[in-house]
Amino acid sequence: MSPILEISGLSKTYASGFQALKHVDLAIETGEIFALLGPNGAGKTTLISIVCGLVNRTDGTVMVAGADIERDYRAARSLIGLVPQELSTDRFESVWDTVAFSRGLFGKPKNPAYLEKLLRDLSLWEKRDERIMALSGGMKRRVLIAKALAHEPRLLFLDEPTAGVDVELRRDMWRLIRELRETGVTVILTTHYIEEAEEMADRIGVITGGELILVEEKAALMAKLGRKELILQLCEPLSEIPAALGRHKLELRAGGSELVYVYDATRESADVASLVTELSAAGVQFRDLRTTQSSLEDIFVGLVNGGGRS
Amino acid sequence: MTGGVNLRAVAAIYNFEMARALRTVMQSVISPVLSTSLYFVVFGAAIGQRMNEIDGVPYGAFIVPGLIMLSLLTQSVANASFGIYFPRFAGTIYEVLSAPVSYLEIVIAYVGAAATKSIVIGLIILATASLFTPLSIQHPFWMMGFLVLTAVTFSLFGFIIGVWADGFEQLQVIPLLIITPLTFLGGSFYSIDMLPPFWRTLSLFNPVVYLVSGFRWSFYGKADVNVEISLAMTLAFLLVCLVAIRWIFKTGYRLKP
């Protein structure tokens, strides 16, 4: 399948001289959920803003479904929906009016049935005649999502969708994103909640200091960089690791009552099996075992602090 | 979208702006009509009876075109500047900027709505004035022409102010410090021929003189300056505003970093 979004050599230097993006290349496949992960000020919002037409690029090209975002902006933008980070909503307008306005703004003919379904899906139907200013923060966030989806976009940007959002809305949002994907909508979300990327994304990009330092399938990323620990609870504490087990990377914890084996998640089974065999041969017995795997968060912190390309 | 023009977007923004005016009908229609009526009561009925006719026109009737212009200018600037400033202030401008609309369509929608509102107010004031003083309109076509042209030009000017302003104070400052004085000194309440030569010459640098003069000509066939010059000056100011707006969108000035 051809990419719905192709970014190449994208750079942005603001008038202040701040370089927000440094030669970013990225291709997003149709129908995937992509999480752009990075600390505050890394360039996530600038990247989205350029694609959506809110910020002028300094250099590079951006194509949406083959349409250049500047030369062919009508074709490009009519495919895009944006849920911004800030709760920037109208105040005095009703929910229904603001959502209908969004649809018209993107050049789509009226479709009350679609808007009704959209509002129902977002639990906004009961509030359709209320003024937006009377709604809670969470409800306003839903209104912004409804506005972004009002023109049936094929590429949806969610900029920090769950920042400051309650658990219920977060679950609803995740469910909605999955449903959108089933209808073929591509979703790009930025977040600094690792949990969110881990839960939702097919692929993950890590951006820091304006550079996209890594783009990887989530599973591959976790496997590649994931560190696994096998923790054995021994029947008898050991004072030192038996010499026969010297070739394994082992350490003793909890006063010698726990034997910890650290290994690479990619080449696991064979080594674990041989370790267990060698343990019994060495007469070391254990009553319980558990494994822990490093989370995306550990990986992310390692990457951003290390700052290096991988 | 139909062809290369996003008419639905123009309609969406235009209707949004008109709905805002209807919601705030109290401040957007009633207050300008009320304040203009007060001018008629004070200048037309009370003082006007003690004044001589100017160019053969009773004073009460003489000031009508100027008063309509006064409201038209302030309302056009206020409506258009607020219309674009508020979305900038509230952050909702992101949606318009990210939509498949051209700059021209954005300007047509916002400026069209602002001009429509001030034209409606101008006509309401005209109707109100006819209750206080007998009116004649010799050139109704030109009267509407000047009304529309002035409303559009000053709505464009208001749009520029709304893009430029960085706060509500700046939004108020131009109408308060420039538009209102220029209108009062622009021959709304007198003929500039009544001024000493020096002040009369100075007045010719005031663009509002040409608007008021041309507009008054369409009512009574009498003008301070030639009506062709009035028309040319109005069109020149329109052109200046269009060039400025083109520059705003080309550079992204205060809209697109």
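The values are calculated or read from the model by the stated rules, or taken from the named source; none is laboratory data. This one's a predicted model, so the numbers in the text were calculated from it and none came from an experiment. Note that each Cβ is placed from the backbone with ideal geometry, even for glycine, and that neighbours are counted across all protein chains shown. For accessibility, only protein heavy atoms count, side chains too; no ligands or nucleic acids. Shrake-Rupley method; radii C 1.70, N 1.55, O 1.52, S 1.80 Å.
Can you find, within the range B:55-89, the residue that is farthest from the chain's Cα centre (by Cα) among those that are open to solvent by 20 Å² or more (accessible area, probe 1.4 Å) and farther than 30 Å from residue B:170 by Cα?
B:56
From (1) in contact (Cβ under 8 Å) with a residue 40 or more places away in the chain; (2) within 14 Å of chain A (Cβ to nearest Cβ); (3) over 16 Å from the mean Cα position of the chain (by Cα), pick out the condition that doesn't hold for residue B:28.
(3)
Select, from B:54, B:108, B:63, B:47, the only residue that is of a type outside the set (D, E, K, R) and under 26 Å from residue B:165 (Cβ atoms).
Unique residue meeting the criteria: B:108.
Inspect all residues belonging to the range A:200-209 and state whether any of them is surrounded by fewer than 19 Cβ atoms within 10 Å (Cβ to Cβ) and in the same structural domain as residue A:54 (by TED's automatic domain parsing).
Within the range A:200-209, one or more residues are surrounded by fewer than 19 Cβ atoms within 10 Å (Cβ to Cβ) and in the same structural domain as residue A:54 (by TED's automatic domain parsing).
Here is a check on your reading of the model: is residue B:245 touching a residue at least 40 places away in the same chain (Cβ under 8 Å) and buried (at least 16 other Cβ atoms within 10 Å of the Cβ)?
Against the criterion (touching a residue at least 40 places away in the same chain (Cβ under 8 Å) and buried (at least 16 other Cβ atoms within 10 Å of the Cβ)), residue B:245 qualifies.
Can you work out which of the residues in the range A:64-92 that are among the aliphatic types (A, V, I, L, M) and touching a residue at least 60 places away in the same chain (Cβ under 8 Å) is farthest from the other protein chains (Cβ to nearest Cβ)?
Going through the qualifying residues, I end up with A:65.
Looking at (1) outside any helix (DSSP H, G or I); (2) within 11 Å of chain A (Cβ to nearest Cβ), which is the one condition that is false for residue B:88?
Result: residue B:88 fails condition (1) only.
Go through the range A:20-122 and tell me which helices (runs of 4 or more DSSP H), entirely inside it, have 3 or more residues that are surrounded by 18 or more Cβ atoms within 10 Å (Cβ to Cβ) and hydroxyl-bearing (Ser, Thr, Tyr).
Output list reads A:44-52.
Identify all residues within the range A:93-123 that are among the acidic types (Asp, Glu), more than 28 Å from the chain's Cα centre (by Cα) and more than 13 Å from chain B (Cβ to nearest Cβ); write none if there are none.
Matches in the range A:93-123: A:116 only.
Which one is nearest to the other protein chains (Cβ to nearest Cβ), of the residues in the range A:124-147 that are outside any helix (DSSP H, G or I) and surrounded by fewer than 20 Cβ atoms within 10 Å (Cβ to Cβ)?
Ranking the qualifying residues of the range A:124-147, first place goes to A:131.
Looking at B:43, B:16, can you tell me which residue is of a type outside the set (Gly, Ala, Ser) and within 14 Å of another protein chain (Cβ to nearest Cβ)?
Result of the check over B:43, B:16: B:16.
Among the numbered criteria (1) under 19 Å from residue A:30 (Cα atoms); (2) buried (at least 17 other Cβ atoms within 10 Å of the Cβ), which single criterion is violated by residue A:174?
Only one criterion is unmet by residue A:174, namely (2).
Name the residue, out of B:13, B:93, that is open to solvent by less than 10 Å² (accessible area, probe 1.4 Å), modelled with pLDDT of 90 or more and under 23 Å from residue B:161 (Cβ atoms).
B:13 is the lone residue from the list that is open to solvent by less than 10 Å² (accessible area, probe 1.4 Å), modelled with pLDDT of 90 or more and under 23 Å from residue B:161 (Cβ atoms).
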